[in-house]
Amino acid sequence: MLSVKMLATAFAIATLLSQPVNAGDVTFVTEEYAPFSYTDSDTIKGIAVEQVHRIAASVGLSYRIEIMPWARAIALAERQPDHCVFTTGHNRARDKTFRWVEPLLKDQMVIVKRKGDKLAATTLEAAHHQRVGAQRGDFAVGVLKEHGFTDIDLAADIAITLGKLKSGRIDLMPTSVKIYESMLKDGEPIEKAMLLDGQTYGIACHKAMPAKTIVAMQNALDELISSGQQDAIFTAYGLPPNTRTASR
């Protein structure tokens, strides 16, 4: 038999979920990271951006999206109420720092090298002796550190890191398989050096974001996935359907 306390808790949860979302203006921040988020003729677009637009519209949020260097974006979401950052890798270190809406995608990470570079490492042990670059504050930096990398060449965004790789200033750079596939499609002279573990990426919101807003956004994303709309967005941007996410 349910206790009075249990009944009260169940009623409180039901009431919370039934209330409309009337959050104040929410600022979603992201970085230049095509094809997931990028600027095209003063318009911010991309696979993740499209999902955020649809989630916010479904929930009825008043919102805006801003693009900036990743380190600043994730710091704002951590420090400023009513801020969320995407597309954010969800790891142990970040887990309790934010409230999460996910997955915008599930992907495997890859370390890439210059095309034809016979000296580039193909194992993590060998990679420790070469120059590895990433973006300041990026999820990949944490992954590298977890694998024992300490001397990481940091840049403001992925375009700078890629430029360093192509010019020979660094030997290796980590990114997601999806980004790697997009770079190959764009003709970038890179190739796979080695694969790393799979990761989940989502929207990371300030801890003060109302619980009912997070629940409503998660429900909207779940519907986006189950209805096939998320896969359709990937296809529209020239990437294969995101089967790892769809199987959630």
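The values are calculated or read from the model by the stated rules, or taken from the named source; none is laboratory data. The shown structure was predicted, so the numbers you read here are calculated from the model rather than taken from an experiment. Quick reminder, even Gly has a Cβ in these numbers, built from the backbone with ideal geometry, and neighbours come from all protein chains shown. What goes into the accessible areas is simple: the full protein's heavy atoms, side chains included, and nothing from ligands, DNA or RNA. Shrake-Rupley method; radii C 1.70, N 1.55, O 1.52, S 1.80 Å.
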Q: Report whether or not G116 is touching a Ser or Thr at 6+ places or on another chain (Cβ under 8 Å) and either free of Cβ contacts under 8 Å to residues at least 24 places away in the same chain or farther than 17 Å from S182 by Cβ (or both).
A: no
Q) Between a first residue in region 57-84 that is under 24 Å from D95 (Cα atoms) and in a helix (DSSP H, G or I) and a second residue that is basic (K, R) and open to solvent by 30 Å² or more (accessible area, probe 1.4 Å), which pairs have beta carbons less than 7 Å apart while being 6 or more apart in sequence or on different chains? A) W70/R136; A71/R136
Q: Could you look through region 137-180, keep only residues that are crowded, with 17+ Cβ neighbours inside 10 Å, at pLDDT below 95 and among the charged types (D, E, K, R), and pick out the one that is farthest from E32 (Cα to Cα)?
A: K178
Q. Among the residues of region 55-66, which ones are touching a Phe, Trp or Tyr at 6+ places or on another chain (Cβ under 8 Å) and buried (at least 16 other Cβ atoms within 10 Å of the Cβ)?
A. A56, Y63, I65
Q) Residues of region 103-136 being open to solvent by 40 Å² or more (accessible area, probe 1.4 Å), part of a strand (DSSP E or B) and either within 18 Å of H147 (Cβ to Cβ) or in contact with a His (Cβ under 9 Å, 6 or more places away or on another chain) (or both), which ones? A) Q108
Q. Any idea how many residues of region 221-233 are under 30 Å from R79 (Cα atoms) and surrounded by fewer than 21 Cβ atoms within 10 Å (Cβ to Cβ)?
A. 3
Q) Does any residue in region 37-54 that is assigned to a helix (DSSP H, G or I) come within less than 7 Å, Cβ to Cβ, of a residue that is modelled with pLDDT of 95 or more and of a type in the set (G, A, S) six or more places away or on a different chain, and which pairs are these? A) A48/S37; V49/S37
Q. If you check T97 against the conditions, is it surrounded by fewer than 17 Cβ atoms within 10 Å (Cβ to Cβ), in contact with a helix residue (DSSP H, G or I) (Cβ under 7 Å, 6 or more places away or on another chain) and of a type in the set (S, T, Y)?
A. yes
**Q.** Identity of the residue in region 188-212, buried (at least 18 other Cβ atoms within 10 Å of the Cβ) and small (G, A, S), that ends up farthest from the chain's Cα centre (by Cα)
**A.** A193
Q: Considering only residues that are more than 10 Å from the chain's Cα centre (by Cα) and over 19 Å from T27 (Cβ atoms), look in region 80-93 and name the one that is surrounded by the fewest Cβ atoms within 10 Å (Cβ to Cβ).
A: R92
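Could you please find all residues in region 23-49 being surrounded by fewer than 21 Cβ atoms within 10 Å (Cβ to Cβ) and over 24 Å from E78 (Cβ atoms)?
A34, D40, S41, D42, T43, K45, listed by residue number.
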